[in-house]
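Written out below as C-alpha cells is the structure these notes cover.
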2 protein chains.
Amino acid sequence: MQPDSRSPIGVFDSGIGGLTVVRALMERLPFEHIVYFGDTARVPYGVKSVETIAHYTTQIAEFLLEKQVKLLIIACNTMAAVAAGMVRDLSPVPVLDVIDAGALAAVQASGTRRIGIIGTPTTINSNAYALAIHRLDPEVRLVSQACALFVPLVEEGWLDHPVTRLAAQEYLRPVLSENIDTLVLGCTHYPLLKPLLQEVAGAEIRLIDSAQAMAERAARLLREQGLANPDTRPPRYEFFVTDVPLRFQTIGERFLGRSLTHVHVVKW
Amino acid sequence: MQPDSRSPIGVFDSGIGGLTVVRALMERLPFEHIVYFGDTARVPYGVKSVETIAHYTTQIAEFLLEKQVKLLIIACNTMAAVAAGMVRDLSPVPVLDVIDAGALAAVQASGTRRIGIIGTPTTINSNAYALAIHRLDPEVRLVSQACALFVPLVEEGWLDHPVTRLAAQEYLRPVLSENIDTLVLGCTHYPLLKPLLQEVAGAEIRLIDSAQAMAERAARLLREQGLANPDTRPPRYEFFVTDVPLRFQTIGERFLGRSLTHVHVVKW
C-alpha cells in the first residue's frame, strides 16, 4: 500500500542529536509534518552490544510506524551502522539513514576523491562511512578520525570557544595533511561546529553536513515517489523522548535552532 | 554477625571511574582483597531517573554482598548522591561513599572555611557535596562548578594537554575568584587531572582527591572496627563489569595505574 503523502516523516535518534536533522528538514521541506523520537533514557547507544541496539532500534521504528509515518529517517550514526538493514526489512515505508546520505553527498562533492571523515569513536570504529562510500566509488581514498570531545563540547555550548578551536586543530591535523578536498561531519552533533570547523579546515575544503545531506536526500525521495505533502499549511511537529535529562530544553533548542514544544515523554 | 577481616572490600561504580578509588586503596591498604563492580553496560547513571538508579544500585550492592565483602564502598558520585541511604539500609556490613569521604577531608583541610567543589553537572546539580559538608560544618562557604568536559578529556587521555589546560582555566576562573583555600575534586575521573589542576589552581590551593580521601577513610574504619586483614600476602583483585566497551582496557589501565587483569563480564 502506498503511504499517504499527508502523513508525517518519522525521524529517530538515540538522543537529541538528531534534532539537527529535524532542523534541516524543517528548512528544506517546510510543509512536511515531522514526528521525532529520541531515546534519551538509554543514550548513548555507542557502548551497547549489537543485540541491544538492534532491539531498541526495532522498538523505536515500530513506535513511529504506528504513527503512520510515510518515511523513516535514521538520524543516529550508531543505529545506522548497526541496524539500518533490519529497519529496512521490517518497514513498509521507505527508510533513509544519515550514513548513506552523508556518503552520497561526499562522493558527489569530491573532485579529487580524497575524503576525510570525522565522527564519534563508535562511528569511526564501525567503518560504516568507509563501507558506504566505497559501495558508491571504490576509488575514493579515505582518512578518518575519531573526535571524542566534539559531542561534549557541543553539549557544553562551546560552539565558538578557544578550547573547541584548539581541539579541532588537534583532531583535524592528521586529516588535513592527507590533502582531502571534502570532509564528512559524520555525527549529528557536528553541524553546530560547522563555522568553526570550516575556519580550522580552511575555505577550500568542502564540509558535508550530514543533516543537510539527509534533507536533500529526503526531498528527492519524496519527489520521486510522489510522497511530498500537497498541503501548504504550517505543519505539525511532535517530539517523543524516553526521559527528560539534565539541560534537555537548552541543548535541544540549540540543536533545533528554535523553541522546542510539543514534547511527550514515553515511559518504556 | 561481625564480617570476616580476611574478606574482600567491595567497590562499585556506574562505570570504570571508580578504579581510581581501587588504585588509592591498593596503595593505602596493600594487604586487602578487593572486588570491583563497574556497570559499564548502563553507564552513565547521571541521566537516569532516581528510581532506576536506586534499582541498579541495589542490584550491584546485593551482588557484592553475595561475594561476602566486609565493607562496601560507593565509588560513584551519582549513586552516592541518590542511593547511599538505601545501600546503608540493606547492607549488613559498613558502607562508605565518596561524597562523605571527600566532604570530611575538605572540612578537615580548609583553614579559611572557603571550599570549592568541581564535579559533573549531575553531581553539582544534586547539591550532595554541599549537604554533606554543611552537615559537618554549617559555617563553610561553598562555591561549586560543573565541569562537563573533564570526563571526556580524561577518557581521551588528554591529561596534560593544552586543550585540557584551557578548559580548566575557563572552569576554575569563577571558583578561584572566591578566595577558596580548598578544592574538592568531586568526580572519580578527576584524580587523573590532579597535576594539571594543581598548576591551574596554584600551589596554595589544597586539592581534595576523593579517591585518596576514601582510602584514608576506609583505612580508619578497618582499623577502628578490627576489620583490617591480618594476612600480609599479596591480595586478590577481581573486576566485574556488565559490558566491555570501546577502549575499556586502555582507559581502565590509565585509571588503575597498572595492568587490568581478572576481568569478568556479568550479563544482566
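The values are calculated or read from the model by the stated rules, or taken from the named source; none is laboratory data. Note that the structure is a prediction, hence the values are computed from the model and not measured. When we count neighbours, we look across all protein chains shown, and the Cβ atoms used for this are built from the backbone with ideal geometry, even at glycine.
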| said: Quick check on my filter: what residues within segment A:44-70 are in contact (Cβ under 8 Å) with a residue 40 or more places away in the chain, under 25 Å from A:SER126 (Cα atoms) and either surrounded by fewer than 17 Cβ atoms within 10 Å (Cβ to Cβ) or among the aliphatic types (A, V, I, L, M) (or both)? | reply: A:VAL47, A:GLN59, A:ILE60, A:ALA61
| Just for segment B:134-149: of the residues that are out of contact with any Gly (no Cβ under 9 Å at 6 or more places or on another chain), outside any strand (DSSP E or B) and not acidic (Asp, Glu), which one is nearest to B:CYS76 (Cα to Cα)? | B:ALA148
| message | Can you say whether A:ALA81 is within 14 Å of another protein chain (Cβ to nearest Cβ), in a loop (DSSP other than H, G, I, E, B) and either over 28 Å from A:ALA228 (Cα atoms) or touching a residue at least 40 places away in the same chain (Cβ under 8 Å) (or both), as far as the supplied structure shows? | response | no
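Please go through segment B:47-75 and give me each residue that is part of a loop (DSSP other than H, G, I, E, B) and at pLDDT below 95, ordered by number.
Quick first cut of segment B:47-75, residues part of a loop (DSSP other than H, G, I, E, B) only: B:47-49, B:67-70, B:75.
Across segment B:47-75, the qualifying residues are B:VAL47, B:LYS48, B:SER49.
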| note | The residue that is surrounded by the fewest Cβ atoms within 10 Å (Cβ to Cβ), considering only those in segment A:156-171 that are closer than 21 Å to A:ILE251 by Cβ and more than 7 Å from chain B (Cβ to nearest Cβ), is A:ASP160
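Kindly indicate whether A:ASP89 is buried (at least 21 other Cβ atoms within 10 Å of the Cβ) and either hydroxyl-bearing (Ser, Thr, Tyr) or at pLDDT 95 or above (or both).
No: the conditions fail for A:ASP89.
When you scan segment B:157-268 for helices (runs of 4 or more DSSP H) that lie fully inside it, which ones turn up with 2 or more residues that are of a type in the set (Asp, Glu)? Don't jump to the end; show me each part of the working.
Details: elements: B:162-176, B:194-201, B:210-224, B:248-256.
The helices (runs of 4 or more DSSP H) meeting that bar are B:210-224.
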| Matching residues, segment B:119-133, being within 13 Å of chain A (Cβ to nearest Cβ), in contact with a helix residue (DSSP H, G or I) (Cβ under 8 Å, 6 or more places away or on another chain) and assigned to a helix (DSSP H, G or I) | B:THR122, B:THR123, B:SER126
| said: I'd like the full set of residues that are away from chain A (no Cβ under 14 Å) and of a type in the set (Ser, Thr, Tyr), limited to segment B:244-260. | reply: B:SER259
| query | Restricting attention to segment A:20-38, does a residue exist that is at pLDDT 95 or above, assigned to a helix (DSSP H, G or I), away from chain B (no Cβ under 14 Å) and touching a Phe, Trp or Tyr at 6+ places or on another chain (Cβ under 6 Å)? | reply | yes
